[in-house]
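*Asks:* I have a structure here, written as structure tokens, and I will follow up with some questions on it.
The values are calculated or read from the model by the stated rules, or taken from the named source; none is laboratory data. The structure presented is a predicted model; accordingly, all values stated were derived computationally and were not measured. Cβ coordinates were reconstructed from backbone atoms using ideal geometry, including for glycine residues, and neighbour counts include every protein chain displayed.
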Amino acid sequence: MLYDYPEYYEVAFSFRDFFREVDFLEKCISKYSDIEVKNVFEIACAHAPHTEELIKRGYHYTGMDINRNMLDYAQYKWRFLKPVPEFFEGDMTKFNYQKKIDFAFVMLGSLYLNSIQEMTNHFDSLSKILKKGGLYFLDWCIQFSDPLQYKDNNRYRIEKNGIEIESDFNIKLLDITNQMYEEVWTINVNDHGRHRTFKMVERNKAITPQEFLKFITERTDFQFVGWWKDWDLDKPISDFSAITRPVALLKKL
Ligand SMILES: C[S@@+](CC[C@H](N)C(=O)[O-])C[C@H]1O[C@@H](n2cnc3c(N)ncnc32)[C@H](O)[C@@H]1O
């Protein structure tokens, strides 16, 4: 599992502009949150790349992930930040947290819910800890376009701190009724001359906009706020065309 090697995972996804992304989170909060946000809670945090920027801006950060290596890496990496971020091991399909949270978020399509039952359990869990009027922000968790567009067409190379990564992503449809896909992600690493290859095969459900809206509308504890493209609140999504990293926002009622 690449997730067992957080340094490589971190390099592979280091192309993002975390400053700009946190700016966007703050814009959502200032425009749509009904409550003051003091603490933020990240689902599937991995190495928690937004933590530093969030803590600099005065938020208390908590990250949850299922992978112990990722959490240990994040805890070590961010140990100098004040207030010290909190990390805990948990499964997004059913979790609990002892404190109430003001804002929840999940980044980079990391919402792994493979059935309506898992979606229900996830939102039930979140509902118990997210304060009324607080927001849930989802980055790239809803598929506005055919996931098969990434078939044979998603390769890139990136280098950071002397570690070179070559990433190759492929996808195939497994079950059209339940929108289940098999994703194969191959990563070639050159770590200062040491070569390794990781191959991750995951079965994931694509959540379509229609399914997501219906699911949220049928619940009484979350309200749909909106969805946008290009991380820009002036660009609401109005048609279901190809969009990279669409973001969505919900509010706890
Ligand atoms: C794409 S990565 C995380 C992305 C990260 N938030 C970022 O912005 O780079 C996916 C993460 O989801 C975690 N994960 C997978 N299944 C999970 C589950 N059921 N509950 C919690 N975390 C999970 C993995 O361990 C991994 O760290």
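*Asks:* For F240, state whether it is closer than 15 Å to C141 by Cα and at pLDDT 95 or above.
*Replies:* no
*Asks:* Could you list, in sequence order, all residues of segment 20-47 that are within 14 Å of the ligand (Cβ to nearest atom) and either basic (K, R) or under 23 Å from K235 (Cβ atoms) (or both)?
*Replies:* Result: R20, E21, V22, F24, L25.
To keep it simple, each residue is scored yes or no on (1) under 19 Å from the mean Cα position of the chain (by Cα); (2) free of Cβ contacts under 8 Å to residues at least 40 places away in the same chain; (3) assigned to a loop (DSSP other than H, G, I, E, B).
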position	(1), (2), (3)
C141	yes, no, yes
W185	yes, no, no
N188	no, yes, no
K199	no, yes, no
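*Asks:* Looking only at residues that are over 19 Å from the mean Cα position of the chain (by Cα) and acidic (D, E) in segment 217-247, which one is farthest from V22 (Cα to Cα)?
*Replies:* E218
*Asks:* Would you check if V22 is in the same structural domain as L138 (by TED's automatic domain parsing), among the β-branched types (V, I, T) and not in a helix (DSSP H, G or I)?
*Replies:* No, not satisfied.
*Asks:* A further question follows. So, of the residues in segment 149-165 that are within 16 Å of the ligand (Cβ to nearest atom) and at pLDDT below 90, which turns out to be farthest from V11 (Cα to Cα)?
*Replies:* Among those that are within 16 Å of the ligand (Cβ to nearest atom) and at pLDDT below 90, it is Y150.
*Asks:* Return the only residue of D168, D102, D139, D146 being of a type in the set (D, E, K, R) and within 15 Å of the ligand (Cβ to nearest atom).
*Replies:* Exactly one residue qualifies, and that residue is D139.
*Asks:* If the requirement is being buried (at least 17 other Cβ atoms within 10 Å of the Cβ) and of a type in the set (A, V, I, L, M, F, W, C), which of these qualifies: F19, F95?
*Replies:* The unique qualifying residue is F95.
*Asks:* For segment 226-250, enumerate the residues that are surrounded by fewer than 18 Cβ atoms within 10 Å (Cβ to Cβ) and in a strand (DSSP E or B).
*Replies:* Within segment 226-250, G226, P236 meet the criteria.
*Asks:* If the Cβ limit is 7 Å and pairs must be 6+ apart or interchain, which residue in segment 91-108 that is under 16 Å from T120 (Cα atoms) and in a strand (DSSP E or B) pairs with which residue that is within 13 Å of the ligand (Cβ to nearest atom) and β-branched (V, I, T)?
*Replies:* D91/I66
*Asks:* Select from segment 81-92 the residues that are surrounded by 17 or more Cβ atoms within 10 Å (Cβ to Cβ) and within 14 Å of the chain's Cα centre (by Cα) and list them in ascending order.
*Replies:* M92, the sole residue that qualifies.
*Asks:* Got a sec? Which of F169, F215 is within 29 Å of S30 (Cβ to Cβ) and out of contact with any Pro (no Cβ under 7 Å at 6 or more places or on another chain)?
*Replies:* F215
*Asks:* Then there is this: Sort out which residues of segment 148-158 are of a type outside the set (S, T, Y) and either under 20 Å from F215 (Cα atoms) or assigned to a strand (DSSP E or B) (or both), and write them in order of number.
*Replies:* Result: R155, R157, I158.
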